[in-house]
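The values are calculated or read from the model by the stated rules, or taken from the named source; none is laboratory data. Remember, predicted model here, so these are calculated numbers, not experimental data. As a convention, Cβ positions derive from the backbone with ideal geometry for all residues, glycine included, and neighbour counts pool all protein chains shown.
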């Protein structure tokens, strides 16, 4: 028994390492090579190896991986000028930052962070990946390295649909982590989770990959994602409040995921942690860096997840059908002029595979398609009347385009983060208004949201000019540069005038 215990002891060791460890300057990235150089700023490891339960992952391997990882994982402090009584996306993920029942409904002092999480340095010149919910609603972001040196960070961009954000600090020669190929991760292999839980800087915990392709409904159910991609790596490495945005690495110290969520009844570790796969995270931050926004391809279908018995039962009951639960996506609708329509897909088809990925549930499809860009093609295998067929589908964006878009291509609504509909004459009369539009689809983290506008608030004026339609707002802001003044009414009839700088 003693011999068995000695052999197993290294697997149970969890190191809490100080931030004093330093790493020499690593090779930046070479442009040798590949045709996808435009998308290869953040380096992929060429020497990644994965260690399963039946291989030689011992304590020494953990020590080496921890020494590589700890200096590249940072603390992110978010500061907000809003009262904690105002809801934000960060509140939704509150268990990463503290028990919401203990929150005081008062203005947070300016020098006190409203939330803390983790981040991972992914290039020597200061690019840092984290979670969207770590930075959401922040008016200022501070990054603290493992050596306690701090910087004010610039938020380069975010993606609520994957819960990924990209930050930048001005520094050179920083230690950083390589992206590993997360598709090669295997259930049962050893991993380390590195972050700053509960205020304990540079904490390392160990565990295994418990599952892959896990969808838990958190991004759409509790976040602001409109088209969420959930295909998490599940791990039993201990993750607690503050780990959010930190690194999940293999035994070689290469980045396989970004820790994002926990499944818990009390807000603390109960054995289930979830990380965004590195391949998806890398694609998102490369899009943000190159284009300023995420390039997302869509099939153009409305699917029914046949693996979800409750969904199938509800659909059968409502539409008097007799669908059977099982793997695959049943096509409920095909959008006009979509890639799916152009390829000949129809309502009633059952999609079973995309490229080489067999679709067991919606999480598989969301990753297989959502990790592609407009203009990319995918091989879609489907059943029609019991006969298997395969077609090539060219993915399009939500506007039907197949080419990349930049911030310069965005509409006014996309730039400021809201749509607007006209007020009826009756509403104007009831409220004594001579002008106004209703804000709809206010995007979390958008300019309108930052000044306190939410859905159904009434916008009276933009830059001192009355507005009565989306066209009026487009006319005022389409070519405008500088500070924007917004006069709006909240649900209690209170009138505010606030502003923001028009995004370029």
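Here are some notes:
- Filter result for residue 484 (touching a helix residue (DSSP H, G or I) at 6+ places or on another chain (Cβ under 9 Å) and closer than 23 Å to residue 226 by Cβ): no
- Filtering the stretch 409-423 to residues that are in contact (Cβ under 8 Å) with a residue 60 or more places away in the chain and assigned to a loop (DSSP other than H, G, I, E, B) leaves 410, 411.
- Scanning the stretch 297-314 for residues that are in contact (Cβ under 8 Å) with a residue 12 or more places away in the chain and touching a strand residue (DSSP E or B) at 6+ places or on another chain (Cβ under 8 Å) yields a count of 11.
- Any hit, the stretch 224-247, residues being assigned to a strand (DSSP E or B), modelled with pLDDT under 90 and farther than 19 Å from residue 61 by Cβ: no
- For the stretch 394-408, the count of residues that are part of a helix (DSSP H, G or I) and surrounded by fewer than 18 Cβ atoms within 10 Å (Cβ to Cβ) is nonzero.
- If you go through the stretch 446-499 and keep only what is assigned to a strand (DSSP E or B) and touching a residue at least 60 places away in the same chain (Cβ under 8 Å), you end up with just 484.
- Scoring residue 321 on the criteria (1) in contact (Cβ under 8 Å) with a residue 40 or more places away in the chain; (2) farther than 30 Å from residue 248 by Cβ leaves a single failure, condition (1).
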